[in-house]
Amino acid sequence: MESYHQKVVFEKHGVFLHTSTKRQNDHDSMISGVLQVIEKTADVIIQWVPVDEEGESAQIHYCRKESPGSPSCRAEEDLFDPGYEPDWAVISTVGTKLRPQDDPSAQKSGNRFKWAFSLSLSELKSIRKSKAGLSWSYLIFITKEGVSFQALHFHQGGTKALLKVLQKYVILATSPRDSRLYLIYPHDSHALSHSFDELQLFDDGSSDVVSRFFQDPYSATFGGFSKVTNFFRGALRPQDTLNQRPLSQMAVGLEDEPGFEVITCQVELGERPVIQRQPPVSEQEWESFFDSEGQVIDEDGLKKRIFSGGLSPGLRKEAWKFLLGYYPWSSTTEERKTLLRKKTDEYFRMKLQWKSVTEDQEKRNSLLRGYRSLIERDVSRTDRNNKFYEGNDNPGLVLLNDVLMTYCMFNFDLGYVQGMSDLLSPILFVTQNEVDAFWCFVGFMEMVHQNFEESQETMKKQLAQLNLLLRVLDPALCDFLDSKDSGNFSFCFRWLLIWFKREFSFQDILLLWEVLWTGLPCPNFHLLVGCGILDLEREALMHSDYGFNEILKHINELTMKMSVEDILCRAEALNQQLARCQELPLNVKELLGLAEVKSPAPSPDTASPPQPLSPSQVHELDLTDSVSPSQPDSSIEILPTEDTATSQSLSP
């Protein structure tokens, strides 16, 4: 009979699982437990077991998965189901205590034990640690199958000691793009090499895995949701590539994150004001803003009215040309007529460039051929429920196609990227004119073109900025999202990419966009719109058992269920609340235009990316825990300024 070996090599009491993120010390929402690392004959197990009110922990027994009825396993009703298929089945019993139905006091205790889990170290892919500056540290274990376990909070310290023990069995490496993520690799050289190869599975010769997203963003964000959540999650998370970086920058266990300043005091925002939207600008009111020569008298006043109430539908065709930079605000009626003739000629010259390409020429122009194929595919499914685009032979579809193809001639470096058709569609619907739609679209793309660049740095930066704003406005919600492995805000990606086009009804998006185009009341107001949506859904998110996929699914299902007027009121109220705060962090002020942005200093040479740390490389590191007094987390993370961001990813 095979000899059986089991040894507890690490044990830590005072490791809590938070079932909710309530601010007060609610003992029902914080379950105390014991974390152990157990060395077995052919495996190493990480297990967390809750303790009962007397401080006794449940007894966790293990058995190899065998056929049903095997004498080595307990009956089915005794099995603890962790929600996945580990190498070891877990059986939870509570010593010789009475069963819950025999002992009423055990019923509550039994509910606590449902949170217990056991994980084979060989199944572990990565470990995510908490941000620096929290009152206590937490760790999230993530398996190779993408399962994220509930965050374990070390109220009495112990995270560093745990990592030090794990280094005896695996190699821990800090992700080069995310200093809070530890990647796990086996010591075996062949297996380690194989793991490195696996990291290149999504490379496909491109510089960034997110390029896959742009090859088919509809299937990745707009299409079948259940099929894409895991890919979307991976595409937005920084690549876990392993190269070279100085040892000092990647020592396991260091709590400080370079380039970040942590403020541990609570920012007092004050009361949130109540905002009332005004009626839309009428045609009569619009005319009152122009003099006899057709020149705008009060540009700022007109923008404020558009921001506070929007425009009457009959005004949009003319007003959008001003908002999108097609017509200068200072122009007269005659100057606009001259400009229109000039822009019409320019448009049709560019259109003729692609129209005159013969079929034989296009065979040798793969780039143009690719643009045409993508545009034709996207046009065929853009806003087809709108009467303007209904039917197969609808002239609106032809105009949509032609404007997008002409834009490829106007901006050949960017060309066409999927998602642009969503931005053009409402503009063409409003203007009802090919030339006007094109130049208004050009103005809109001037605002958002960086969203579509392949590097995705602008998108990552905006997600980080959204994280920053929410951390100031609602640190409890931010902590909750972070504990659910959603702290990178990837579920907001679609919002920012196409400016909430898919989140509201077609008529609502016309109002939202014209409000955003005013540039009021602050720069980056679209980020506060995102905060407004999260504020609206705060209770639904925080009082749920949602994991990453459920959060993404919940956000996706908000489509067409929100009132744009309500969201705009919330966003404006949040802006006023922040603007009145006297102790707002500097980079939040810069983000909202409340302080002058500092000119970026020349960036230092980018440090080479990291390589995995072996235990021999880190055995000298001081892994002693420093435990700060337990208190509600009120830390605010100050994101890197531009001079430091060049050597680090802006991804949260």
Electrostatic dipole magnitude of region 275-336 [Cβ: Lys, Arg +1; Asp, Glu -1; Cα centre; debye, to 20]:
480 debye
Once amide H atoms are placed 1.01 Å from N in the peptide plane, what residues at a sequence separation of 5 or more from residue 311, or on another chain, have their amide H within under 5 Å of its amide H?
281
Rounded D (µm²/s) - region 393-510, Kirkwood Rh over Cα pairs, Stokes-Einstein at 4 °C, 1.567 mPa s:
81 µm²/s
Of the cross-linked pairs 317/343; 461/501; 303/342; 355/387, which ones have a Cα-Cα span greater than 24 Å in the structure shown?
303/342; 355/387
Cα-centre dipole for region 319-395 with unit charges at Cβ (Lys and Arg positive, Asp and Glu negative), debye to 20:
140 debye
Evaluate region 456-588: find the radius of gyration of its Cα atoms, find its Kirkwood radius, and give the ratio Rg to Rh.
0.94
For a quick check of your reading of the filter: which trypsin sites (Lys or Arg not before Pro) in region 544-597 sit in a DSSP loop and have no more than 11 other Cβ atoms within 10 Å?
561
For region 401-483, what relative contact order do you get, as a whole percent, if you take Cα pairs closer than 8 Å and at least 6 residues apart?
18 percent
In units of 2.2 N^0.38 Å, the Cα radius of gyration of region 313-403 is 1.39
Find out how many positive minus negative residues lie around residue 140, taking Lys and Arg as positive, Asp and Glu as negative, among other residues whose Cβ is under 10 Å from that of residue 140.
+2
Once the dipole of region 479-545 is set up from charges on Cβ (+1 Lys and Arg, -1 Asp and Glu), the residue from the list 518, 490, 541 lying farthest towards its positive end is 518
Cross-link reach list, lysines versus residue 40, counting only Cα pairs under 29 Å and skipping chain neighbours closer than eight places
7, 12, 65, 97, 114, 125, 129, 144, 160, 164, 168
What full-extension length gain, to one decimal in nm, is calculated for residue 355 and residue 143 as 0.36 nm per residue of separation minus the Cα-Cα distance?
71.1 nm
Can you compute the modelled spin-label distance between residue 278 and residue 576, with each label point 7 Å from Cα toward Cβ, in nm?
1.3 nm
Show me 445-452, 319-326, 287-294 ranked by packing, highest mean number of other Cβ atoms within 10 Å first.
319-326, 445-452, 287-294
In Å, what is the Rg of the alpha-carbon atoms in region 519-595, and how long is Dmax?
14.3, 40
Using a cut-off of 11 Å between beta-carbons, work out the net charge of the residues near residue 512 (Lys and Arg +1, Asp and Glu -1, residue 512 not included).
-3
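No lab work stands behind these numbers, since they all come straight from the coordinates. What you are looking at is a predicted structure, and each value in this text was computed from that prediction instead of being measured. Because the Cβ atoms are built from the backbone with ideal geometry, glycine has one as well, and the counts that use them run over all protein chains shown.
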